[in-house]
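Have a look at the structure below, then the notes.
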Amino acid sequence: MKIAKTRSELRDAIAQQNIPINFIPTMGALHTGHLSLVKQAAQHKGINVVSIFVNPRQFNNTEDFNKYPLQIEQDIELLSTSPCDVLFIPDYNTVYAGAEIPPYDLGHLDAIMEGSQRPGHFKGVAEVIARLFDLVQPDRAFFGEKDFQQLAVIKHLVQQWNLPIEIIGCPIVRNEKGLAMSSRNARLSKDGIELASSIHSTLEQVKNSNWTASQTTSLTTAKNDLIAKGFDVEYITICDAQHLSPYPSFANNQQRVFVAAHLEGVRLIDNLALN
Ligand code: AMP
């Protein structure tokens with residue numbers, strides 16, 4: 001595995017190889033969820049480039065940014081036994097200095113769920129993705145369904161910017177109790193980790209309820225259950241999987257339930273296909 005920190009080191013690491021570039025952008029503190037994206041990439045022809053960059057522009061909360069876990073040595077060790085060919089670890093200036101971000105419009109994607117709860121978050125995501133795609137020049141890029149709305153935002157941007165990049169969504173990796181793997185889980189206590197897995201069981205409960213007859217009843221029950229367990233619930237809602245249109249304007253008949261909740265001061269998100 002080669003490690004590149006600057007644009008020219010990155011070009012040197014991948015330039016000679018006239019084959020497709022598979023790209024997996026991350027913010028580090030890597031876990032099996034991230035590694036599943038690298039494995040998924042390795043099933044496609046080409047070289048696999050992973051980036052680690054904690055993008056300050058996508059944090060709407062300075063405390064969240066300051067507390068974001070950093071463990072670069074451990075990440076390098078993990079990646080060196082994965083099918084990662086090039087690890088790109090740029091600093092802020094390498095990503096942003098002197099670069100222009102093309103105009104874009106996220107439409108309603110920026111007005112719901114993560115968009116409305118974290119003002120400026122998707123602006124930061126759009127900016128970093130524009131820059132990383134420009135630096136890495138990938139043919140394919142891999143994103144987790146854990147951040148389903150982010151995946152939708154990126155598909156939307158690639159279409160809007162007319163970029164020749166295939167965006168591939170990868171399934172959520174969970175621990176044995178159902179908790180979606182997340183770098184932020186490291187900030188939970190042992191009991192917190194245990195309790196946090198009830199987010200997934202609550203989503204399963206919505207799926208198994210008669211939500212098609214009454215979404216409000218299913219979602220209110222789910223929300224109250226989470227509150228009773230000690231969660232501070234930001235939202236729990238159902239949208240269609242294609243455009244993330246909320247009820248009643250589902251754009252297709254594949255729906256997902258989405259949740260954001262706080263536990264022990266840690267913000268957790270998850271989602272589940274309902275059909
Ligand atoms: P992050 O480092 O949190 O920015 O995540 C980098 C990429 O890994 C994003 O595309 C995430 O959606 C994806 N990812 C994070 N956690 C998981 C997970 N538990 N399962 C699948 N993908 C994940």
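The values are calculated or read from the model by the stated rules, or taken from the named source; none is laboratory data. All values derive from a computational prediction rather than experimental measurement. Neighbour counts run over all protein chains shown; Cβ positions are idealised from the backbone, glycine included. Side chains included, ligands, DNA and RNA excluded: accessible areas come from the protein's heavy atoms. Shrake-Rupley method; radii C 1.70, N 1.55, O 1.52, S 1.80 Å.
Given all pairs of different Cα atoms, what value in angstroms does the Kirkwood hydrodynamic radius of the chain take?
On the way: mean 1/r = 0.0512 Å⁻¹.
For the chain, inverting the mean 1/r across all distinct Cα pairs yields 19.5 Å.
The residues of the range 107-189 expose, per residue, 39 Å² of accessible area to a 1.4 Å probe.
Where does the range 193-258 land on the Kirkwood hydrodynamic radius, alpha-carbon pairs, in angstrom?
Numbers: mean 1/r = 0.0811 Å⁻¹.
Hydrodynamic radius (Kirkwood, Cα only) of the range 193-258 equals 12.3 Å.
Distance from the Cα centroid of the range 62-92 to that of the range 168-189 is 17 Å (rounded to whole angstrom). Output the antiparallel fraction of DSSP beta bridges having both residues in the chain, as a percent to the nearest 5. Once the DSSP bridges in the chain are tallied, antiparallel ones form about 50 percent. Taken one residue at a time, the phi angles of the range 33-47 give Karplus couplings (6.51, -1.76, 1.60, θ = phi - 60°) of x, 4, 5, 5, 5, 5, 5, 4, 4, 5, 7, 9, 4, x, 9 Hz. Gly and Pro are set to x.
Pairs exceeding 30 Å between alpha-carbon atoms, taken from 39/229; 146/223; 177/223: 39/229. Amide H contacts of residue 234 (H built 1.01 Å from N, in plane; Pro and chain starts excluded): 260, 261, 262 sit under 5 Å, all sequence-distant by 5 or more or on other chains. Please list log₁₀ I(q)/I(0) at q = 0.12, 0.14, 0.20 Å⁻¹ for the range 1-133, using the Debye equation with identical point scatterers on the alpha-carbon positions. Debye output, listed in q order: -0.52, -0.71, -1.28.
Of all lysines in the structure, those lying under 22 Å Cα to Cα from residue 45, and not within fewer than 8 positions of it along the same chain, are 2, 155.
Based only on Cα atoms, what mean projected area does the convex hull of the range 139-275 have, in nm²?
Values: hull surface 35.8 nm².
Orientation-averaged projected area of the Cα hull: 9.0 nm².
Around the amide H of residue 144, modelled in the peptide plane, lie the amide H atoms of 170, all under 5 Å away and 5 or more residues distant in sequence or on another chain. Size descriptors for the range 74-170: radius of gyration and Dmax over Cα atoms are 14.4, 40 Å.
Spin-label model, residue 39/residue 197: points 7 Å from Cα along the beta carbon direction are separated by 1.9 nm. Spacing of the modelled spin labels on residue 177 and residue 80, each 7 Å from Cα toward Cβ, amounts to 3.3 nm. Take the Cα of residue 15, go 7 Å toward its beta carbon, and the backbone nitrogen atoms of the range 131-159 under 17 Å from that spot belong to 135-138.
Spin-label model, residue 235/residue 72: points 7 Å from Cα along the beta carbon direction are separated by 3.5 nm.
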